[in-house]
Amino acid sequence: MIAAGEVAELLQQLIRNACVNDGTPGSGGEIRSADSLDEFLGIEGERREPHPGRVSVVYRLPGARRAPTLTFMGHTDVVPVSREGWTVDPFAGERRDGFVWGRGAIDMLNQTAAMACVFKRFASGSLRYPGDLVFLAVADEEAGGRLGARWLVEDHWPLVASDYLLTEIGTPALLGRSGPGVPVTVAEKGLQWRRLHTRGASGHGSQPYATDNALVRVADAVSTLVANPPGPHITDEWRRFVSAWDPPEELAAALVDADHIDAAIDRLAVHDVGLARWVHACTHLTVSPNVMHAGIKANVIADRAEAQIDVRSLPGQDETDVTDHFRKAIGPGFDELGYEVVEASAANGSPPEGPLWDAISAATGEVAPGSHLIPSMIPIGTDARFFRRRGTVAYGVGLFDDRVGFGDFLRMFHGHDERVSEASLGMTADLYLRTVERLAAQV
Ligand SMILES: [Zn+2]
């Protein structure tokens, strides 16, 4: 048993370290949290620092015999905030009404703190795992891991090689006809970022007649793209999720029926827009234009423009499917634009079976009696994908009390007033501890 207060205190410290990653190499400053973790654990981890201040730390306890390596991986960076949206200082790590508030409270400093508390029990020698037990605190998850997990896996694999990995994301349970189901992340959608760009001819903004305005052309293409969204695509991963969730019969039937799912999502959105967005994302190729740059001055016709588009692909959809969709949705105008593949990584997953799965299942039954696991595909990309490419079985899980529902919880990701209940911190730590014990008994 690990006291919730111990996890909460470490979480407060990690929030106060404010390792804000804005995507530039000079941001982050994860060295602050590496220092906090060294101090908390009472040991010095092995540090890697690909850029000043961007520190990832590997804490390894060698096993006494040959058994699978188990790694807990938590990222220590967080995304920036819009302070106006917050009712508390997002970096004060306040404790109020039984919650710890602040940027990173659910993504994922809560899990990182719980992992550290569990690892400390093993580091002090009071508990043992037969194989290597690793706690990996990584930088730069929020910008794609090039200064963190991705770099470690691709360039320093022997340092981080692992059979099993536990990481994000963890969410509250979903209630179904067979009781509360704890979503365990076993798969994630692919990242397919695209850039549309074009050149036009500049001229005086006072005389737009018959000019070639680059902004208008890219804006038109983006509007047309969004006006012709991809239709639903029901995957085996999604069927498995719905079956384990076991929602009311009518909803369950609609959720796996391509003819009815869009109407079902609209109905869900009336009461729970967070859940509706999740369901939509898990059943569609999604297209979200998020950045646009054009022009140089209000009275100069825009001679260049670009749009950056966040596309997320489902299992079975590849780079070509995305390009085909752009061509079809935008129509004849597509071939007149520049089109660039910025990122193309496919959906990935680990099978929901085997010793680690069984250990999580048994541990969940002990900490949250009466609940079962839901193998879940998430629409978000995490550092787990780099490990899965190397054959590691990677899952994401946490446990939460019922003070925040699934949909509301999801809306706090990268949102305002991010917070986690102290009870949930204790439950998550307890789950991790029991998972290691259960796995140790099997391997
Ligand atoms: Zn995260």
### Query
What are the extents of the Cα atoms of region 125-220 along their three principal axes, listed from largest to smallest and rounded to whole Å?
78, 46, 19
### Query
Farthest toward the dipole's positive end in region 42-134, which of 100, 52, 67, given Cβ charges of +1 (Lys, Arg) and -1 (Asp, Glu) about the Cα centre?
67
### Task
Could you provide, to the nearest whole Å², the per residue accessible area of the chain with probe 1.4 Å?
41 Å²
### Query
Can you work out ³J(HN,Hα) from phi for every residue in region 209-220, in order, using Karplus 6.51 cos²θ - 1.76 cosθ + 1.60 and θ = phi - 60°, giving whole Hz and x for Gly and Pro?
4, 6, 9, 10, 8, 5, 4, 5, 5, 5, 4, 4
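May I ask for the longest run of the chain untouched by chymotrypsin sites (Phe, Trp or Tyr not before Pro) that are loop-located per DSSP and have at most 16 neighbouring C-beta atoms (other than their own) within 10 Å?
Details: sites that count: 209, 413.
Longest run free of exposed loop sites: 1-208.
Equivalent-ellipsoid semi-axes (√(5λ), Cα gyration tensor) for region 1-114, whole Å, largest first?
Working: eigenvalues 134, 73, 24 Å².
Its equivalent ellipsoid spans semi-axes of 26, 19, 11 Å.
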#### Entry: Long-range HN-HN contacts of residue 199 with modeled amide H, under 5 Å
none
### Message
To check my understanding: the extent here is largest minus smallest coordinate of the Cα atoms along each principal axis. What are those three numbers for region 324-443, in Å, largest first?
### Response
60, 38, 21
### Task
Could you give me the radius of gyration and the Dmax of the chain, taking only the C-alpha atoms into account and expressing both in angstrom?
23.0, 79
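With the full set of protein chains in place, find how many percent of the accessible area of the chain is carbon and sulfur; take the probe as 1.4 Å. Spell out each step's value before the answer.
On the way: 9100 of 18290 Å².
Whole-percent figure for carbon plus sulfur exposure: 50.
Around residue 60, under 12 Å between beta carbons, what's the net of Lys plus Arg minus Asp minus Glu among the other residues?
-3
Going by a ≥ b ≥ c, the root eigenvalues of the Cα gyration tensor, does region 3-54 fall in the rounded group (a/c under 1.5), the prolate group (a/b larger than b/c) or the oblate group? Intermediate values should be presented prior to the final figure.
On the way: a/c = 3.76, a/b = 1.48, b/c = 2.54.
Oblate.
Quick one: which of 265-276, 298-309 comes out on top by average Cβ neighbours within 10 Å, and what's the full order, highest first? Kindly include the intermediate steps, with their values, before the conclusion.
Details: 265-276: 15.5, 298-309: 17.7.
Going from most to least packed, we get 298-309, 265-276.
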### Equivalent ellipsoid semi-axes, region 322-395, via Cα gyration tensor eigenvalues times 5, rooted, Å
40, 15, 9
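Once the mean 1/r over all distinct Cα pairs of region 69-204 is inverted, what Kirkwood radius in angstroms do you read off?
Details: mean 1/r = 0.0545 Å⁻¹.
After inverting the mean inverse Cα-Cα distance, the result is 18.4 Å.
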### Message
Treating only the Cα positions of region 217-349 as identical point scatterers, give the base-10 log of I(q)/I(0) from the Debye formula at each q in 0.10, 0.17 Å⁻¹.
### Response
-0.42, -0.97
#### Entry: Radius 12 Å from Cβ of residue 159, net charge of other residues (Lys, Arg +1; Asp, Glu -1)
-1
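Need one number: the % of Cα-Cα pairs in region 75-139 sitting beyond the 15 Å mark. List each step's numbers first, then the result.
Details: 1269 of 2080 pairs.
Distances greater than 15 Å cover 61 percent of the Cα pairs.
For region 182-257, what class follows from the C-alpha gyration tensor (a ≥ b ≥ c being the square roots of its eigenvalues): rounded when a/c is under 1.5, otherwise prolate if a/b is larger than b/c, else oblate?
Working: a/c = 5.33, a/b = 3.14, b/c = 1.70.
The shape class here is prolate.
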### Message
Quick check: convex hull of the Cα atoms in region 121-169, volume per residue, rounded to a whole Å³?
### Response
103 Å³
### Message
Helix 236-245 against the longest principal axis of the chain: what's the angle in degrees, Cα atoms only, rounded to the nearest 10?
### Response
50 degrees
### Query
Where does the charge balance sit around residue 217 when Lys and Arg score +1, Asp and Glu -1, over other residues with C-beta under 10 Å from its C-beta?
-2
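Where does each of 218-231, 137-150 land if you order them by average Cβ count within 10 Å, highest first?
Values: 218-231: 16.4, 137-150: 25.1.
Going from most to least packed, we get 137-150, 218-231.
The values are calculated or read from the model by the stated rules, or taken from the named source; none is laboratory data. Worth saying up front: this structure is predicted, and the values here are computed from it rather than measured. Neighbour counts are summed over all protein chains in view; Cβ atoms, including those assigned to glycine, are modelled from backbone coordinates with ideal geometry. Just the protein is used for accessible areas: all its heavy atoms, side chains included, with ligands, DNA and RNA removed. Shrake-Rupley method; radii C 1.70, N 1.55, O 1.52, S 1.80 Å.
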